[in-house]
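Pasting in a structure now, in structure tokens, and then I'll have a few things to ask.
The values are calculated or read from the model by the stated rules, or taken from the named source; none is laboratory data. The shown structure was predicted, so the numbers you read here are calculated from the model rather than taken from an experiment. Cβ sites come from the backbone with ideal geometry, for glycine too, and all protein chains shown count toward neighbours.
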Amino acid sequence: MIWERKNKSHPLSQNLKILGQGKLNGTVKISGAKNSSLVLLAASLLTNEKIILENVPYLTDIEKMVNILKNLGVDLVFEKNKLEIDSKNISIKELPGELVNGFRASFFCIGALLTKFGEAKVPLPGGCDIGSRPIDEHINGLRALGAEITIEERIVKAKIEKKENKLYGAHIKLKCPSVGATETLIMAASLAEGRTTIENAAREPEIQDLCQMLNKMGAKIYDAGKEKIIIDGVNKLGGCTHKVIPDRIEAGTFLIAAAATSSSITVCPVIPIHLEAVTNKLKESGSKITIKGNSITIYGKEIKGVDVDTAPFPGFPTDLQAPFTALMTIANGESKITETIFENRMNHIHLLNKMGANIELNNNVAYIKGVKTIKGMDLVGSDLRSSAALIIAGIIAEGNSKIYGLEHLDRGYENFESKLKMLGIEIMREINSKTIKEKEYLINSESKNMPKFKAA
């Protein structure tokens with residue numbers, strides 16, 4: 001039996017087969033941050049000079065963004081985690097709906113296109129089904145900078161009506177510290193006339209990475225990583241070479257997997273301060289953590305139940321809520337996981353319960369009573385981070401598991417199963433050739449919509 005959410009089907013062309021109760025051992029190399037890479041690609045539109053991005057992960061989400069930029073007329077060369085980007089011949093100001101459908105990061109382009117051309121047309125964003133992620137903050141901020149914005153037939157149309165075709169600096173106070181809105185407004189303000197201040201700005205490391213690259217390009221951005229960011233607009237931005245920061249979510253996922261299996265591993269390279277909220281909770285749950293330079297070593301021990309509330313950075317990241325919930329299923333005692341960012345990010349709970357976990361879900365609060373063991377099963381992940389959580393659960397479990405929904409996993413983890421293999425986990429990607437009928441569903445596993453390249 002393959003368990004999945006009712007009335008929603010997933011391509012079952014691939015799965016990860018996992019032999020449970022494995023142990024991790026060794027050092028794992030952490031890839032560049034997906035969320036940083038996507039916004040840096042959008043920021044490359046702000047200049048006519050060449051941008052070189054190093055440490056870019058090889059993911060389907062990156063491929064989508066690359067294809068979007070190519071459609072705009074950008075020249076890109078992607079080789080060995082290095083992207084060379086040349087936007088001088090860009091000729092299109094509108095993103096095609098067929099390329100951006102279901103892909104939220106595409107909306108980052110609106111600020112860059114608007115600033116560069118004085119107009120932009122971008123479809124409303126999609127992304128993982130984890131709850132509402134409104135763009136009101138993006139739109140209100142761009143309007144404050146002088147843009148006229150309308151939404152027609154799910155197309156956001158932005159235009160600068162002023163003769164000089166420039167945005168103008170403004171004081172913007174965000175209602176909530178939206179990461180996407182903060183990034184969009186930073187890009188737009190970089191070439192605006194005068195000073196822009198963004199209050200209640202998001203503080204995530206990916207925002208700091210964006211500001212570092214823009215400053216290399218000639219921008220004047222101050223206090224990135226603080227609640228109030230100041231941008232003095234400049235007339236022109238140039239090229240640069242920039243190395244993407246390590247992916248803190250990938251690193252956290254591996255650390256949690258090690259804790260869940262009472263294993264010892266080292267994750268490297270990382271920026272330890274980016275993971276402080278995670279390592280603090282892992283220590284509280286019983287693991288020993290040592291930090292040396294750009295590496296973190298975890299020594300997994302007996303797991304104790306702890307309470308976690310997700311929060312904007314520097315709080316516990318919502319992207320690690322699902323993996324940490326998997327860890328808590330086998331903890332000694334009780335724990336409580338509260339999701340405060342997205343209202344629909346608990347889709348993994350009923351699947352963990354199918355495996356034998358004891359979790360009661362009340363709105364966005366999961367009350368967990370730890371059990372000694374969970375059982376391997378065939379499961380379908382419904383989004384990127386729930387898929388990672390189910391893989392961790394499969395590693396913990398007794399017996400074999402098959403995890404489907406890899407189209408989500410491949411969006412955000414580079415060579416995930418290969419890295420787990422190197423750490424000693426018996427895991428294998430299977431390509432299925434049969435048709436799977438689940439109740440009223442008829443799902444052809446030979447999907448015609450397979451990504452052009454896979455993360456592993």
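Quick check, is Leu420 assigned to a helix (DSSP H, G or I) and in contact with a helix residue (DSSP H, G or I) (Cβ under 6 Å, 6 or more places away or on another chain)?
On the way: assigned to a helix (DSSP H, G or I): yes; in contact with a helix residue (DSSP H, G or I) (Cβ under 6 Å, 6 or more places away or on another chain): no.
It is false that Leu420 is assigned to a helix (DSSP H, G or I) and in contact with a helix residue (DSSP H, G or I) (Cβ under 6 Å, 6 or more places away or on another chain).
Residue by residue, here is whether (1) surrounded by 20 or more Cβ atoms within 10 Å (Cβ to Cβ); (2) basic (Lys, Arg); (3) within 24 Å of Asn35 (Cα to Cα) holds:
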position: Ile245; (1), (2), (3): yes, no, yes
position: Thr261; (1), (2), (3): yes, no, no
position: Cys268; (1), (2), (3): no, no, yes
position: Lys283; (1), (2), (3): no, yes, no
position: Lys288; (1), (2), (3): no, yes, no
position: Glu302; (1), (2), (3): no, no, no
position: Pro312; (1), (2), (3): no, no, yes
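For segment 208-225, what are the residues that are free of Cβ contacts under 8 Å to residues at least 60 places away in the same chain, in a helix (DSSP H, G or I) and either not polar (S, T, N, Q) or not assigned by TED's automatic domain parsing to the domain that holds Cys176 (or both)? Can you show your working first?
Just the residues of segment 208-225 that are free of Cβ contacts under 8 Å to residues at least 60 places away in the same chain, to begin with: 208, 211-212, 215-216, 218-225.
Still in the list and also in a helix (DSSP H, G or I): 208, 211-212, 215-216.
Correct list: Cys211, Lys216.
What's the number of the only condition in (1) out of contact with any strand residue (DSSP E or B) (no Cβ under 8 Å at 6 or more places or on another chain); (2) surrounded by fewer than 22 Cβ atoms within 10 Å (Cβ to Cβ); (3) over 24 Å from Ser263 (Cβ atoms) that Ile349 fails to meet?
That leaves (1) as the condition not met.
Please count how many residues of segment 393-417 are over 20 Å from Gly356 (Cβ atoms) and of a type in the set (Phe, Trp, Tyr).
Result for segment 393-417: 2.
Which number in (1) modelled with pLDDT of 95 or more; (2) under 20 Å from the mean Cα position of the chain (by Cα) marks the one condition that His348 misses?
Only one criterion in (1) modelled with pLDDT of 95 or more; (2) under 20 Å from the mean Cα position of the chain (by Cα) is unmet by His348, namely (1).
Let me confirm something: among Thr196, Thr241, Thr253, which residue is in a helix (DSSP H, G or I) and modelled with pLDDT of 95 or more?
On the way: Thr196 fails: in a helix (DSSP H, G or I); Thr241 fails: in a helix (DSSP H, G or I).
Residue meeting the stated conditions: Thr253.
Additional query: Give segment 271-295 a look and list any residue that's part of a helix (DSSP H, G or I) and among the β-branched types (Val, Ile, Thr), or say none. It would help to see each step written out before you state the result.
Of all residues in segment 271-295, those part of a helix (DSSP H, G or I) come to 272-284.
Across segment 271-295, the qualifying residues are Ile273, Val278, Thr279.
Okay, moving on. Are any residues in segment 42-68 crowded, with 21+ Cβ neighbours inside 10 Å and over 19 Å from the mean Cα position of the chain (by Cα), and if so, which ones?
The answer is Ser44, Leu45, Leu46, Thr47, Ile51.
Looking at segment 327-379, which of its residues are assigned to a strand (DSSP E or B) and more than 17 Å from Thr310 (Cβ to Cβ)?
Quick first cut of segment 327-379, residues assigned to a strand (DSSP E or B) only: 332, 334-338, 358-362, 365-369, 375, 378-379.
The answer is Asn332, Glu334, Asn358, Glu360, Lys369, Lys375, Asp378, Leu379.
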